[in-house]
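See structure below.
The values are calculated or read from the model by the stated rules, or taken from the named source; none is laboratory data. Bear in mind the structure is a predicted one, so any value in this text is a computation, not a measurement. Cβ placement follows ideal geometry from the backbone for every residue including glycine, while neighbour counts extend to all protein chains displayed.
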Amino acid sequence: MDAKTTFRPYLVPTLILLGLGWGGLALLVLLALPTVWVRWGFFALFTLGWIGAALPAAYFLNLRFPSTPPAQPNVILRQSTWAGVYWSTLAWLQLGDILTLWVAVGLAAGLCAVEYLIRMRESSQWRPPAPEPPAPDGDANVPNG
């Protein structure tokens with residue numbers, strides 16, 4: 001990402017994800033009885049809420065720490081999706097009394113390792129070189145003789 005990149009293209013998706021996620025979660029908790037489908041809805045809305053919350057953070061971290069190749073919008077969305085999946089998984093593990101500090105740290109390390117490997121694969125992809133622009137005058141490269 002270059003310095004000219006603005007957050008404007010991410011603003012509407014962020015607001016939609018935040019509204020759907022946290023707003024839907026608030027309605028779900030206040031108005032629904034705790035059945036199986038409501039629990040699935042809880043995790044889906046919880047994930048959307050965290051994706052929306054992590055989208056600005058992923059954007060600004062990629063802006064602050066640029067990489068080669070620069071992070072494209074799909075990379076920023078993927079990284080915020082990892083954050084949403086991480087927090088939803090922690091909530092799910094907490095329900096079963098399985099969550100410990102080391103499980104949370106190990107899960108975070110695993111997701112960071114997967115993202116690192118994906119970014120490494122993206123940077124190693126071969127891309128054809130860009131064609132050179134033509135010289136200003138057509139015979140500039142022809143030697144005199």
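Scanning segment 60-90 for residues that are touching a Lys or Arg at 6+ places or on another chain (Cβ under 9 Å) and either farther than 22 Å from R127 by Cβ or hydroxyl-bearing (S, T, Y) (or both) yields a total of 1. Based on this model, can you work out whether A57 counts as within 30 Å of Q125 (Cα to Cα) and outside any helix (DSSP H, G or I)? So A57 does not fit the description; no.
Which residues, counting only those in segment 66-104, are among the β-branched types (V, I, T) and more than 18 Å from A54 (Cα to Cα)? Listed by number, the residues that qualify are T68, I98, T100, V103. With respect to the stated conditions, T47 is closer than 27 Å to E122 by Cβ, at pLDDT 95 or above, of a type in the set (S, T, N, Q) and touching a helix residue (DSSP H, G or I) at 6+ places or on another chain (Cβ under 7 Å).
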